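Peer 1: Before we start, here is the structure in question, set down as structure tokens.
The numbers here are math on the coordinates, done by the rules we state, and not lab data. Since the model is a prediction, treat every value here as computed from it, not as a measurement. A quick note on method: Cβ atoms are made from the backbone with ideal geometry, for glycine too, and the neighbour counts reach across all protein chains shown.
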Amino acid sequence: MAEFLSMGGYGAYVWPSYGLTAVIMVVLLITSLRGLKTTESTFQRLKAETGPRTPRAPSSENTEEAANGDEA
Amino acid sequence: MHRFANPTRFLKIAGYVQPWMAAVTLALFATGLYMAFFTAPPDYQQGESVRIMYVHVPAAWMGMFCYAAMAIASAVALIWKHPLADVAAKATAPVGAAFTFLALATGSLWGKPMWGTWWVWDARLTSMLILLFLYIGYMALQGAFDDRARGAKASAVLALVGAVNLPIIKFSVDWWNTLHQPASVIKMDGPSIHPDMLWPLLIMAVGFKTYYMWVLLVRIRQEITANKVRILRLKQVHGG
């Protein structure tokens, strides 16, 4: 095990290479996933706020518009 | 709203494809890393330090691949004004920048024991550093305008102009004397690298590519949803 970790004396260069790659790729993935989640919840909240309050047809009641809102 | 017909369909497809991309990426990384550390032999000159290659080379390839993808998407956005193209180019930039940075950093960690220096100002390294600056410039330019459309246009032009750097990177090892070794995989007369080293390298390279697809899908979905949020906000301001 110690022999494996020493990488023939190059452990100090090999492991930081892999470590840095792993850290950057994981951080980029997590921030991307988190950004998507935050934006999606903002969108759902705004849709719930604006959706029912914008009637298009002048004659319709709000109940008709609600059918449009729940397709997603 | 018909302008978003296409992105809406994309959102649906992306939602299905994303978990598959994740699964394929993890499987490729597991296989590639196992082979890189346990089945691939040490190099007869470089010893165990050669294992840095299995992250360094895929990162460098992807740094260039992402830039090419970003430049093509920018061209499509400028010429045909396709709404997804702009979004795809914008979503690619931080991933490409991350790969380019990793190529430079792991190259530095490989250069120290092999060349005796962290950095030299030779053609391959310098052109790769310019690639990183192009990515950073692209992202900075995008946020530099109050008008989002103008920022997108300016950065798309920068992406296209910067594409001349790609052939310079590729051929830098042939055109100039450099410490960096010449190509040993993508060559006219076939790879000059042993299959025991080539296979883990290729598997890692494909893993890096599917990782890019995975993150790209996530970021494009985020961008499209952010556009919808902006439209709803405008609606609130004008219709409320």
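Peer 1: Measure nothing fancy, just the Cα-based angle from helix B:53-80's long axis to the longest principal axis of chain B, in degrees from 0 to 90, nearest 10.
Peer 2: Between the helix axis and the principal axis of chain B, the angle is about 30 degrees.
Peer 1: With only Lys, Arg, Asp and Glu charged, each at its Cβ (+1 for the first two, -1 for the last two), find how big the charge dipole of the protein assembly as shown is about the Cα centre; round to the nearest 20 debye.
Peer 2: The calculation lands at about 960 debye.
Peer 1: Under the Kirkwood approximation applied to all pairs of distinct alpha-carbon atoms, what is the hydrodynamic radius of the range B:106-153 in Å? Working shown, then result.
Peer 2: On the way: mean 1/r = 0.0781 Å⁻¹.
One decimal place: 12.8 Å for the Kirkwood radius.
Peer 1: Could you rank the peptides B:52-61, A:13-22 by their average count of other C-beta atoms within 10 Å per residue, with the highest value first? If you can, show how the numbers build up before the last one.
Peer 2: Numbers: B:52-61: 24.3, A:13-22: 18.3.
Descending packing order for the listed peptides: B:52-61, A:13-22.
Peer 1: Here is a further query. Could you please report the charge total around residue B:171, scoring K, R as +1 and D, E as -1 over all other residues with beta-carbon less than 15 angstrom from its beta-carbon? All intermediate terms of the calculation are to be shown ahead of the outcome.
Peer 2: Details: positive: B:124, B:170, B:187; negative: B:122, B:174.
Here the charged neighbours net out to +1.
Peer 1: So what's the back-of-envelope 222 nm ellipticity for chain B, counting only DSSP H runs of four-plus at -39500 (n - 2.57) apiece and dividing by all residues, rounded to 500?
Peer 2: Details: 7 runs with 182 residues, N = 240.
Taken over chain B, the calculation gives -27000 deg cm²/dmol.
Peer 1: Roughly how crowded by other chains is peptide B:44-54, in terms of the mean Cβ count from those chains within 10 Å of each of its Cβ atoms? Can you show the working numbers first?
Peer 2: Numbers: counts 0, 0, 2, 4, 9, 8, 3, 8, 9, 1, 4.
Shielding by partners across B:44-54 averages 4.
Peer 1: Using only Cα atoms, what Kirkwood radius does the protein assembly as shown have, in angstroms?
Peer 2: Working: mean 1/r = 0.0459 Å⁻¹.
Answer for the protein assembly as shown: a Kirkwood hydrodynamic radius of 21.8 Å.
Peer 1: Taking the Cα atoms only, what angle lies between the long axis of helix B:83-115 and the longest principal axis of chain B, rounded to 10 degrees?
Peer 2: Taking the Cα atoms of chain B, the angle to B:83-115 is about 20 degrees.
Peer 1: Against the globular-protein guess of 2.2 N^0.38 Å, express the Cα radius of gyration of chain B as a ratio, rounded to two decimals. Walk me through the intermediate numbers first.
Peer 2: Numbers: Rg = 20.3 Å, N = 240, 2.2 N^0.38 = 17.7 Å.
Against the empirical 2.2 N^0.38 Å value, I get 1.15 for chain B.
Peer 1: Here is a follow-up. Quick one: helix B:148-162 against the long Cα principal axis of chain B, what's the angle to the nearest 10°, folded into 0 to 90?
Peer 2: Here the helix axis deviates by roughly 30 degrees.
Peer 1: Using θ = phi - 60° and the Karplus relation 6.51 cos²θ - 1.76 cosθ + 1.60, list the HN-Hα couplings for the range A:29-44 in order, rounded to whole Hz, with x at every Gly or Pro.
Peer 2: Here the 3J(HN,Hα) series is 5, 5, 5, 5, 4, 5, x, 4, 4, 4, 4, 5, 6, 4, 4, 5 Hz.
Peer 1: Within 10 Å of each Cβ in B:104-111, how many Cβ atoms from other chains are there, averaged over the peptide? If you can, show how the numbers build up before the last one.
Peer 2: Values: counts 0, 5, 7, 1, 3, 9, 4, 1.
Going residue by residue through B:104-111 and averaging, the value is 4.
Peer 1: Counting partner chain Cβ atoms within 10 Å of every residue's Cβ in B:148-156, what's the average?
Peer 2: Partner Cβ neighbours, averaged per residue: 0.
Peer 1: Next up: Over 18 Å between Cα atoms, which of A:47/B:228; B:12/B:153; A:37/B:12; B:90/B:153; B:153/B:235; B:112/B:209 qualify? Intermediate results must be reported in sequence, preceding the final value.
Peer 2: On the way: A:47/B:228 10 Å; B:12/B:153 27 Å; A:37/B:12 16 Å; B:90/B:153 11 Å; B:153/B:235 25 Å; B:112/B:209 28 Å.
Table pairs above 18 Å Cα-Cα are B:12/B:153; B:153/B:235; B:112/B:209.
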